[in-house]
């Protein structure tokens with residue numbers, strides 16, 4: 001048991017993550033958490049949802065267990081399974097079960113990417129029951145009072161087949177995220193990377209240019225995360241045009257014409 005408790009303690013975030021609020025998301029999340037309400041984060045890739053969760057876990061002084069959902073993620077991956085170790089069959093808790101038992105915050109990132117059977121175990125946790133079905137053990141695990149559940153998804157990117165169902169959505173308090181204002185985004189890029197304000201301003205302007213191409217050849221424009229990547233390259237001596245090409249353009253598309261168009265945008269700002 002002591003080893004398990006130590007493992008949970010390892011999920012505590014000791015140093016305050018840098019996060020700049022864009023609205024009243026901090027107050028709403030805190031109110032939801034203290035009322036044992038689950039939270040849904042909606043917004044584009046790289047706009048700060050994960051950083052926000054890290055900041056809130058630090059602020060609330062709770063361990064944060066993050067699960068990046070994908071096509072092969074099953075309910076057993078979240079809840080746990082029996083494994084044979086040393087000739088013995090042992091039950092190994094999954095990340096969701098550990099969070100439920102020990103009052104951690106569990107963050108399921110891009111939940112719609114997981115298999116549909118994951119919703120079966122999430123639903124009873126996300127309403128007044130606050131229980132986790134453990135079918136393989138024939139148990140219902142009641143959540144600790146400090147347990148918090150958060151999920152995220154990108155409504156502008158997901159296909160119709162992977163849309164979040166109303167039966168799931170209506171269990172959650174929803175927070176909508178978007179890219180920060182230009183001024184705030186410049187501050188974030190400068191703070192995160194140490195580049196000067198002038199270069200941060202140019203990078204943000206470049207990002208807005210690519211975001212205007214969404215739906216006209218790009219599925220997504222440059223995220224704040226990609227701006228930080230480019231800024232870090234620039235700060236270590238890479239020329240801005242090369243940095244934006246590698247850290248932003250190539251990350252956004254493989255289409256030759258779109259790559260050329262983005263490079264022209266970059267040249268107009270940085271050459």
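When residue 13 is tested against (1) modelled with pLDDT of 95 or more; (2) surrounded by fewer than 19 Cβ atoms within 10 Å (Cβ to Cβ); (3) in a helix (DSSP H, G or I), only condition (3) is not met. So for the stretch 134-146 (the condition being surrounded by fewer than 14 Cβ atoms within 10 Å (Cβ to Cβ), within 23 Å of residue 46 (Cβ to Cβ) and touching a residue at least 60 places away in the same chain (Cβ under 8 Å)), does at least one residue qualify? No. The criterion of at least 1 residues that are over 25 Å from residue 263 (Cβ atoms) and touching a residue at least 24 places away in the same chain (Cβ under 8 Å) is met by the following helices (runs of 4 or more DSSP H) wholly inside the stretch 163-212: 166-169, 182-193. Among the residues making up the stretch 48-61, a single one is assigned to a loop (DSSP other than H, G, I, E, B) and surrounded by 22 or more Cβ atoms within 10 Å (Cβ to Cβ): 48. Looking across the stretch 214-247, the residues that are at negative phi, in a loop (DSSP other than H, G, I, E, B) and exposed (fewer than 15 other Cβ atoms within 10 Å of the Cβ) come down to 216, 219, 236, 239.
Is one or more of the residues making up the stretch 248-255 closer than 22 Å to residue 21 by Cβ, part of a helix (DSSP H, G or I), touching a residue at least 40 places away in the same chain (Cβ under 8 Å) and not assigned by TED's automatic domain parsing to the domain that holds residue 18?
no
Any residue in the stretch 156-163 that is closer than 24 Å to residue 11 by Cα and in the same structural domain as residue 29 (by TED's automatic domain parsing)? Within the stretch 156-163, not a single residue is closer than 24 Å to residue 11 by Cα and in the same structural domain as residue 29 (by TED's automatic domain parsing). Residue 19 meets the stated requirement of being modelled with pLDDT of 95 or more, in a loop (DSSP other than H, G, I, E, B), in contact with a helix residue (DSSP H, G or I) (Cβ under 7 Å, 6 or more places away or on another chain) and not assigned by TED's automatic domain parsing to the domain that holds residue 219.
Output yes when any residue across the stretch 63-72 is surrounded by 15 or more Cβ atoms within 10 Å (Cβ to Cβ), farther than 30 Å from residue 28 by Cβ and assigned by TED's automatic domain parsing to the domain that holds residue 115, and no when none is. Among the residues of the stretch 63-72, not one is surrounded by 15 or more Cβ atoms within 10 Å (Cβ to Cβ), farther than 30 Å from residue 28 by Cβ and assigned by TED's automatic domain parsing to the domain that holds residue 115, which makes the answer no.
For the stretch 32-47, a tally of residues being under 13 Å from the mean Cα position of the chain (by Cα) and either part of a loop (DSSP other than H, G, I, E, B) or farther than 14 Å from residue 149 by Cα (or both) returns 6.
Residues that are closer than 26 Å to residue 44 by Cα, free of Cβ contacts under 8 Å to residues at least 40 places away in the same chain and outside the structural domain of residue 9 (by TED's automatic domain parsing): which strands (runs of 3 or more DSSP E) entirely in the stretch 73-119 hold 2 or more of them? The strands (runs of 3 or more DSSP E) meeting that bar number zero.
The values are calculated or read from the model by the stated rules, or taken from the named source; none is laboratory data. Just so it is clear, the model here is predicted, and its values are computed rather than measured. Virtual Cβ from ideal backbone geometry, glycine too; neighbours counted across all protein chains shown.
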